[in-house]
Amino acid sequence: MSTHPDWPVAFFDDDYLRIYRPQFTEARTAAEVDFIEQALELPSGAAVLDLACGFGRHAITMASRGHAVTGLDFNPRYLEIAQAEASRAGVRVEWLTGDMRALPPPARFNGVYSYFTSFGYFSDEDNERVLAEVARVLTPGGRFLLDVMNRDWLLTHPQQRTWQQRDDGALLMEETALELESSRVVSRQILIDPTGGPQVTKEFFLRAYTCAELTALLRRHGLHVRAVHGSAEREPYSTDSRRLILLSERIG
């Protein structure tokens, strides 16, 4: 079994931004925020937590729509980028450097979201702690939106190596495999610069959960699943869905 507990520290750096940031267009972010906002059923001015907010693309758009947004991430470099972007956009977001396994004690949120596979970084016990913390900071009736890669899609599509020619001319190779015994995803990305610059290689190791496993874990902490989707377009969830999105509500 592959265990690399410190991989997020090495993975989420400037090279990660080089690989992924070109994919996050304004149109894509706006569409994803439409989905997040509608799923959480947030009134204007609602207190919202972006869990593992990265450089803040969702949080800033949510704030521009009138919500009181807190963005939490372990990476202070990304939060500096987020703060600069928020200032340029003329919106206010509370940026917090922290660990999703130990959220700020006094916080109370009407909605929490974890988007683009920001869950499953840790051991099973610590991953469950994340869900317990989400339940703790949600108000009764508050909603939690969790978006992760679909383990069952990986299981039924075992050979996952793709090559993508980007608009900037760079070539991106992504290779993903699922370790059956541990249910951990091992993924490698290689970015080849067409100008002959340094090649970027990144790896991550992620615990993948089935829909039933996540539903049971959420319920254990008072979060009852209200809807399951296979995409931000609300497509039905199936083994052909690349994403697994669960919307849960805190009861009591």
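Just so you know, all these numbers are worked out from the coordinates, no wet-lab data involved. A quick note: this is a predicted structure, and the numbers were derived from the prediction, not measured. In this analysis, Cβ positions are derived from the backbone assuming ideal geometry, glycine residues included, and neighbour counts consider all displayed protein chains.
So the values come out like this:
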{"quantity": "Matching residues, region 200-252, being in contact with a strand residue (DSSP E or B) (Cβ under 6 Å, 6 or more places away or on another chain) and among the hydroxyl-bearing types (Ser, Thr, Tyr)", "calculated": "201, 215, 231, 237, 248"}
{"quantity": "Condition broken by residue 121, with the remaining ones in (1) among the hydroxyl-bearing types (Ser, Thr, Tyr); (2) over 15 Å from residue 60 (Cβ atoms); (3) over 14 Å from the mean Cα position of the chain (by Cα) satisfied", "calculated": "(3)"}
{"quantity": "Search result, residues across region 65-92 that are within 26 Å of residue 44 (Cβ to Cβ) and not aliphatic (A, V, I, L, M)", "calculated": "65, 66, 67, 70, 71, 73, 83, 85, 87, 88, 90, 92"}
{"quantity": "Filtered residues of region 122-133 (kept if touching a Leu at 6+ places or on another chain (Cβ under 7 Å) and either assigned to a strand (DSSP E or B) or in contact (Cβ under 8 Å) with a residue 40 or more places away in the chain (or both))", "calculated": "128, 131"}
{"quantity": "Every residue from region 91-113 that is in contact (Cβ under 8 Å) with a residue 60 or more places away in the chain, surrounded by fewer than 22 Cβ atoms within 10 Å (Cβ to Cβ) and assigned to a strand (DSSP E or B)", "calculated": "110"}
{"quantity": "Pairs, first under 14 Å from residue 56 (Cβ atoms) and in contact (Cβ under 8 Å) with a residue 24 or more places away in the chain in region 16-29, second surrounded by 14 or more Cβ atoms within 10 Å (Cβ to Cβ) and of a type in the set (Ser, Thr, Tyr), C-beta under 6 Å, six or more apart", "calculated": "29/61"}
{"quantity": "Region 40-49: number of residues that are more than 19 Å from residue 97 (Cβ to Cβ) and either part of a loop (DSSP other than H, G, I, E, B) or in contact with a Ser or Thr (Cβ under 6 Å, 6 or more places away or on another chain) (or both)", "calculated": "6"}
{"quantity": "Residue tally, condition within 26 Å of residue 127 (Cβ to Cβ) and assigned to a helix (DSSP H, G or I), over region 1-20", "calculated": "10"}
{"quantity": "Total residues in region 50-78, condition under 24 Å from residue 233 (Cβ atoms) and assigned to a strand (DSSP E or B)", "calculated": "3"}
